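The values are calculated or read from the model by the stated rules, or taken from the named source; none is laboratory data. Keep in mind that what you see is a predicted model, and the values were worked out from it rather than measured. For neighbour counting, all protein chains shown are included, and Cβ atoms are generated from backbone atoms with ideal geometry for every residue, glycine included.
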């Protein structure tokens, strides 16, 4: 086709013009891109730099080592030991099913946990370790190590787990730890991030729970660089956490062990308190359980055994159990009357075996009555009428106020679970809670520690220590925190008339040393360690007039849970009180037969610091006591775990 | 003007031709490819494998292709334009039946030593055909409707075939490059005004009709358009890539985080870091300075192409050079807009830098034609 050169050059000029125009547009667009780049890279650089750091940097918490717990002599009560778990990394394992099959030939794998692990593996990234088995024994770990070539992707990982070397002896005091549950998280306001670490253990019960803040420590953190899929590329830096504080308890582990063994399988509790410092030397509750079971994750069957046991092994009876104190309360009624000056120690009351109060007949435990009794005789023989009479003169409000001065009806602040407040009732309380007027009969009941009156074994021990010293002894469980001594519980003077106290102590001395005293059978022969005490037998049922007429049914003929509680409180040595002891045997029958012998044995064990010589016992009991000592020696577990040097 | 009208004697011949290459353009291409090698080395974590080494080999092959194409007189390429176009259309149709779909959407044919993507080839052959068409077409017919319709069909045919692959990015590129070339060839501006007006009207109608009785698209189609236009509305899905890309760019700052120190790319927060998003790695590691330098190199390539086009009196030469420049421009402009969050994510690689064989070879071949036009320009 022929072309017109003139037209062609016109077209070429047009093309050139348009080429310049299009070129200009292109450069303008490139300029726009440059502006955008400047905006992103210069104006907003700081913001994007921050976002990039957020992308790549992940903060991982390092769980702190939990504080250890020792007894007063440095024996370990709770410690952390390495525990092993088996983890699998999918991308290293290759054929997961084959590897798991190989593994199950070497180690027993729980099929339930295995299925959970396999399901978790499907959901998570291939490089994340998945736990196949937890709390694996060292033997299994070594077996895996030997067979490592056949188990690609399988590694044992070491962690720390809580162990209680003294097992069941301290189940109620120290308690136990367990993994954080959703329920735990929901209870805590603004939970620390460390609680969200899988398998992180916190205190669930007892001291472990109550002193959680001290024991837990502060979590450390490491900053790691992760890639887009979350794989850790390297560690950037690391800030070590702070391990939890080590706690030293006032409890003597050996004495505690003895008391637990002495209580045996009885549903009972005993408290030994140091009169000088308020140190709790033993605080026992039986039957007990092995807290280590809970750390590992208790089986349903074991747990059901514990919850369905009539003797309530899980309950920490020494602090959370409350009982009518019975006759052990009589010292308080007497003290209130003496302080008010309404009676003198030598004033007598006639006991015909009962007292008519507001048209109701209140009985003395001895049907025939005690005749004329003074303070010492009334306490020694535990005459009820004497105290009815005092109480009607003093009035309930003064009695309960005195009870509170002695630590009854007030909550002692101990780091243990569910420390009970007990109850020292007065008129205002009844009006407020029951919307009823206080009746004079209520006063009569309260005067002998029945009716509304409730006290825990701990409170009874505190009461005895306060009677023994005249000071407001305060119980102390934690002796030192990280080696720093906590204030002792010696307490201020109660401001009571020393003469009145002396009269009461002498009456208590008579209880366990006078031939006619209710605890004479449980006396201590060793003159340096003479014991003063008081028995108590508290009813858990009403005795009807008809039954009384037919003859009160003997405890042995009643079903267990209808029998009386047996109580005993005491302190020794009489002239320089060192320890006060309280013992409560639930539905044990009479205080003098069921509780006093236990208290005496415990007291001697505490005073001697070892198995007491038979010479301390009345000669006719020595054969039986010797057999008992030998039996307990056999049954008590031996702890030969390495003891810490800490004192 | 047929090639017989060239004053053949005045053009260089034989090996001397190599001295008449457009050397500035050659050096610019080598620089840009060098940037690519550096970045591919970096995103592989400081390793020539798996990307930098094959890329260097391909670039060497590409240089050879460019020189071979440059040695051949430009009129040969003009005469071959229709044949090349026809061949690429046949290839496009055949991949429809025999081709394999790659990672993205482009279809390719495995030639054994490389994977040939017909859509890449078509970008150049279409430009060649349109340039040859306007070289042949008498000037006064340029704006006649019938003679406008014909090139429109030349453009729409491959566009449609590529869109079926479905490769939206390449089809937009084809459409824009073809339209650009028609504009440069001197087609009356009123056609373009009409097409733009119609396009704007259609888009407005589509969006305005949303939620009314005469809604033009289905609801889900609107939602798809929404995420396409504004990926940030779906930050963990479609928006994730673009957000990470912006973070990488922005965190570079003025001078960048240092060679191989870019956390976003090294830790895999960036998608497709060796292909479509390689510019973000550059901008993260070398900052604004690095990113702007590459942009400047690209702009200079465009400038030298336009200069080459203006220097020649041969209509085919100037049109094909300008067409290739537009194609090249569209490549990097769309890619950069995409990674900077200015345009929706369509799979368009960064020319000469992104890892990829056939795109690089085709571009080098195209620059060979530009060189040929430069060497064999009428003097």
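For the condition part of a helix (DSSP H, G or I), within 14 Å of another protein chain (Cβ to nearest Cβ) and exposed (fewer than 15 other Cβ atoms within 10 Å of the Cβ), residue A:31 qualifies.
Of all residues in region B:245-266, those satisfying the criterion of being at pLDDT 85 or above and outside any loop (DSSP other than H, G, I, E, B) are B:245, B:246, B:247, B:248, B:249, B:250, B:251, B:252. Residues in region A:42-57 that are outside any helix (DSSP H, G or I) and more than 8 Å from chain B (Cβ to nearest Cβ): A:57 only. Annotation note: of B:249, B:300, B:295, the sole residue that is in contact (Cβ under 8 Å) with a residue 24 or more places away in the chain and buried (at least 24 other Cβ atoms within 10 Å of the Cβ) is B:249.
Determine if region B:30-47 includes at least one residue that is under 26 Å from the mean Cα position of the chain (by Cα), at pLDDT below 90 and in a loop (DSSP other than H, G, I, E, B). Checking region B:30-47: at least one residue is under 26 Å from the mean Cα position of the chain (by Cα), at pLDDT below 90 and in a loop (DSSP other than H, G, I, E, B).
Of everything listed in (1) surrounded by fewer than 19 Cβ atoms within 10 Å (Cβ to Cβ); (2) part of a strand (DSSP E or B), the single unmet condition for residue A:342 is (2). For region A:393-424, taking the residues that are on the phi < 0 side of the Ramachandran plot and touching a strand residue (DSSP E or B) at 6+ places or on another chain (Cβ under 7 Å), the one that is surrounded by the most Cβ atoms within 10 Å (Cβ to Cβ) is identified as A:408.
Of all residues in region A:484-527, which are at pLDDT below 90 and at positive phi? A:491, the sole residue that qualifies.
So that you can scan it fast, the table gives a plain yes or no per residue for (1) more than 18 Å from residue A:337 (Cβ to Cβ); (2) modelled with pLDDT under 90:
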position: A:352; (1), (2): yes, no
position: A:367; (1), (2): yes, yes
position: A:371; (1), (2): yes, no
position: A:389; (1), (2): no, no
position: A:395; (1), (2): no, no
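Residue B:19 meets the conditions (1) surrounded by fewer than 20 Cβ atoms within 10 Å (Cβ to Cβ); (2) touching a helix residue (DSSP H, G or I) at 6+ places or on another chain (Cβ under 7 Å) in every case but one. The failed one is (2). Selection over region A:64-107 of residues that are under 23 Å from the mean Cα position of the chain (by Cα) and closer than 26 Å to residue A:220 by Cβ gives a count of 13. One residue stands out among those in region A:58-78 that are surrounded by 14 or more Cβ atoms within 10 Å (Cβ to Cβ) and modelled with pLDDT under 85: the one that is farthest from the other protein chains (Cβ to nearest Cβ), which is A:63.
Can you say whether residue B:275 is on the phi < 0 side of the Ramachandran plot and either in a helix (DSSP H, G or I) or surrounded by fewer than 18 Cβ atoms within 10 Å (Cβ to Cβ) (or both), as far as the supplied structure shows? Considered against the rule, which asks whether it is on the phi < 0 side of the Ramachandran plot and either in a helix (DSSP H, G or I) or surrounded by fewer than 18 Cβ atoms within 10 Å (Cβ to Cβ) (or both), residue B:275 comes out as no. Out of B:269, B:328, B:288, one residue alone is outside any helix (DSSP H, G or I) and either at the interface with another protein chain (Cβ under 10 Å from one of its Cβ atoms) or crowded, with 23+ Cβ neighbours inside 10 Å (or both). It is B:269. Scanning region B:184-192 finds one or more residues that are loosely packed, with under 13 Cβ neighbours inside 10 Å and under 30 Å from residue A:12 (Cβ atoms). Reported count of residues in region B:272-285, each being free of Cβ contacts under 8 Å to residues at least 40 places away in the same chain and away from chain A (no Cβ under 11 Å), is 1.
What about residue B:154, is it at pLDDT below 85, away from chain A (no Cβ under 14 Å) and in a helix (DSSP H, G or I)? When the stated conditions are applied, residue B:154 does not pass them. When restricted to residues that are without any contact (Cβ under 8 Å) to a residue 24 or more places away in the chain, outside any loop (DSSP other than H, G, I, E, B) and closer than 30 Å to residue A:346 by Cα, region A:473-512 contains 3.
Return yes or no: is residue A:39 farther than 24 Å from residue A:239 by Cα, within 14 Å of chain B (Cβ to nearest Cβ) and either crowded, with 20+ Cβ neighbours inside 10 Å or more than 24 Å from the chain's Cα centre (by Cα) (or both)? Yes, satisfied. Here the strands (runs of 3 or more DSSP E) wholly within region A:133-243 that include at least 2 residues being modelled with pLDDT of 85 or more and surrounded by 18 or more Cβ atoms within 10 Å (Cβ to Cβ) are A:154-163, A:176-179, A:201-205. When region B:303-321 is limited to residues that are under 17 Å from residue A:28 (Cα atoms) and touching a residue at least 60 places away in the same chain (Cβ under 8 Å), the one that is nearest to the other protein chains (Cβ to nearest Cβ) turns out to be B:305. Scanning region A:567-581 for residues that are touching a strand residue (DSSP E or B) at 6+ places or on another chain (Cβ under 8 Å) and either outside the structural domain of residue A:591 (by TED's automatic domain parsing) or not in a strand (DSSP E or B) (or both) yields a total of 3.
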